[in-house]
Amino acid sequence: MHITIAPDSFKGTFTAHEIAAMIRDALHSSFHTTLLPMADGGEGTAEILANHFHAIPHSVKVLGPLQEPLSASFYFDAQHQRAFLDMASASGITHCRTLQPHLATTYGTGELLKHAVALGAKEIVLGIGGSATIDGGAGFLMALGAKLLDAEGNSIPLGHHGLHRLETLDLLPAIQWLADASVTLTIPTDVTNPLLGARGAVSVFGPQKGVPISEFPDFEFGLNHFAEKLESAVGQSLRDCDGTGAAGGLGFALLALGARLVSGSEFVAEVIGLIESIAQSDLVITGEGKADATSLSGKVTGYVISLSLKKKKPVLLIAGTLDQEIERQLPNESRVTIRGLFSTPPMSLTAAKSETPTRLRAAIQTFFSEK
């Protein structure tokens, strides 16, 4: 039996690589396995792509999301002049002991990109999941040289609270810098939300970044004001394009710079050869930390399931915790089996990490005993 193992990370406990190896070790030794850890543009995407291309990690100092220095990393493939970055490394929510959406900035992500270009990268692949920010990408643009000035001609403060003071925006220095360096930007993401409105950065992602509901109008106003200035600078409306609401609006700023926003799952799958591996498999195993109604909408597990069903391959989805809604979304699909390792509410992350290998092995053994 040939089994393709293509999980996402179990966030907070194990990387996709660790989970894939754990699944392999739980299988019978007679099975032939292909390990293809996956990502969808979120945290860990850069590492997965870097491992495929044997890119070398580099650690640099940047400004963190709350405007404090921190060490961030990216990967450089010198042979192909290609770099792989995760914005979460520089501007991620995991760097924040407390959530401060007014102050959180994407400036460090811009610095990270500049370090990669300084090494010689011509092609940048930047995953933009896991952000702490909701500044529309203003800090990122400023790091690349764009001029965002207040009424007195001074640079606006970093973070969302600076957007209200924006009077003039000159994007040309950033565009010229990218052109002079011959840099192309590819942005894998699992988010298709627009910048503003009911499906926008504030309404959908604001709460997880610490924006109180009572402050939604103020944050929406700031992003709208920024959008008007940036769209005027580029001469076109971008706010309603898919993915502009990703990473607190960083997708919007990247699109204004000419970046290509792509489906993270599709991009990674194509790079690592997932489609070909599934076609040659007898079983596909995927997994994630929490499987819920959103899992089937562009995330790793939903994408792997979709690919597998198109090839008429059975799938085992293993999740740390399981929302029954995902099972109700596949009522007539007998080829998909879903197993949750922990009941809800889940135990502590420390305890879950300790028990995951044993519970995962038991789930796989149960699956095969039922076949």
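The values are calculated or read from the model by the stated rules, or taken from the named source; none is laboratory data. On a predicted model such as this, the values are computed, not experimentally measured, just so you know. Ideal geometry is used to build each Cβ from the backbone, glycine not excepted, and the neighbour counts take in all protein chains shown. We work out accessible area using only protein heavy atoms, side chains counted, and drop any ligands, DNA or RNA first. Shrake-Rupley method; radii C 1.70, N 1.55, O 1.52, S 1.80 Å.
Here are the numbers for this structure:
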{"read-out": "Qualifying residues in the stretch 278-293 (those that are open to solvent by 10 Å² or more (accessible area, probe 1.4 Å) and modelled with pLDDT of 95 or more) - the one nearest to the chain's Cα centre (by Cα)", "value": "279"}
{"read-out": "Qualifying residue in the stretch 228-249 (condition: of a type in the set (Val, Ile, Thr) and open to solvent by 10 Å² or more (accessible area, probe 1.4 Å))", "value": "yes"}
{"read-out": "Complete set of residues in the stretch 143-183 that are of a type outside the set (A, V, I, L, M) and either at pLDDT below 95 or part of a helix (DSSP H, G or I) (or both)", "value": "160, 161, 162, 164, 165, 173, 176, 177, 180"}
{"read-out": "Condition met for residue 109 (open to solvent by less than 20 Å² (accessible area, probe 1.4 Å) and of a type in the set (S, T, N, Q))", "value": "yes"}
{"read-out": "Any hit, the stretch 38-57, residues being within 28 Å of residue 243 (Cα to Cα), at pLDDT 95 or above and in a strand (DSSP E or B)", "value": "yes"}
{"read-out": "Residue under evaluation residue 23, criteria (1) over 25 Å from residue 350 (Cβ atoms); (2) surrounded by 20 or more Cβ atoms within 10 Å (Cβ to Cβ); (3) of a type outside the set (Phe, Trp, Tyr); (4) touching a helix residue (DSSP H, G or I) at 6+ places or on another chain (Cβ under 8 Å), criterion not met", "value": "(1)"}
{"read-out": "Residue check for residue 260: closer than 26 Å to residue 52 by Cα, at pLDDT 95 or above and basic (Lys, Arg)", "value": "yes"}
{"read-out": "Cross-chain or 6+ apart pairs with Cβ under 8 Å, the stretch 65-83 first and in a loop (DSSP other than H, G, I, E, B), then of a type in the set (Val, Ile, Thr) and open to solvent by 20 Å² or more (accessible area, probe 1.4 Å)", "value": "65/93; 78/56"}
{"read-out": "Test: residue in the stretch 211-222 that is open to solvent by 50 Å² or more (accessible area, probe 1.4 Å), under 26 Å from residue 95 (Cβ atoms), of a type in the set (S, T, N, Q) and at pLDDT 95 or above", "value": "yes"}
{"read-out": "Pairs, first over 17 Å from residue 129 (Cα atoms) in the stretch 233-256, second of a type in the set (Phe, Trp, Tyr), C-beta under 9 Å, six or more apart", "value": "238/252; 239/252; 241/252"}
{"read-out": "Yes/no for residue 39 being over 30 Å from residue 312 (Cβ atoms) and in contact with a Ser or Thr (Cβ under 9 Å, 6 or more places away or on another chain)", "value": "no"}
{"read-out": "Candidate set from the stretch 184-210 (those that are hydroxyl-bearing (Ser, Thr, Tyr) and open to solvent by 40 Å² or more (accessible area, probe 1.4 Å)); member that is nearest to residue 99 (Cα to Cα)", "value": "203"}
{"read-out": "Hey, residue 265 open to solvent by less than 40 Å² (accessible area, probe 1.4 Å) and within 13 Å of residue 40 (Cα to Cα) or not", "value": "yes"}
{"read-out": "Test result for residue 274, open to solvent by less than 10 Å² (accessible area, probe 1.4 Å) and within 26 Å of residue 31 (Cβ to Cβ)", "value": "yes"}
{"read-out": "Residue tally, condition more than 13 Å from residue 140 (Cβ to Cβ) and either part of a helix (DSSP H, G or I) or in contact with a Pro (Cβ under 9 Å, 6 or more places away or on another chain) (or both), over the stretch 84-100", "value": "8"}
{"read-out": "Single unsatisfied condition, residue 75 versus (1) within 24 Å of residue 6 (Cβ to Cβ); (2) open to solvent by less than 40 Å² (accessible area, probe 1.4 Å); (3) of a type outside the set (D, E, K, R)", "value": "(2)"}
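For every residue, the table says whether it meets (1) open to solvent by 70 Å² or more (accessible area, probe 1.4 Å); (2) under 16 Å from residue 286 (Cα atoms); (3) without any contact (Cβ under 8 Å) to a residue 24 or more places away in the chain.
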{"residue": "305", "(1), (2), (3)": "no, yes, no"}
{"residue": "313", "(1), (2), (3)": "no, yes, no"}
{"residue": "317", "(1), (2), (3)": "no, yes, no"}
{"residue": "324", "(1), (2), (3)": "yes, no, yes"}
{"residue": "328", "(1), (2), (3)": "yes, no, yes"}
{"residue": "335", "(1), (2), (3)": "yes, yes, no"}
{"residue": "343", "(1), (2), (3)": "yes, no, yes"}
{"residue": "356", "(1), (2), (3)": "no, yes, no"}
{"residue": "367", "(1), (2), (3)": "no, yes, no"}
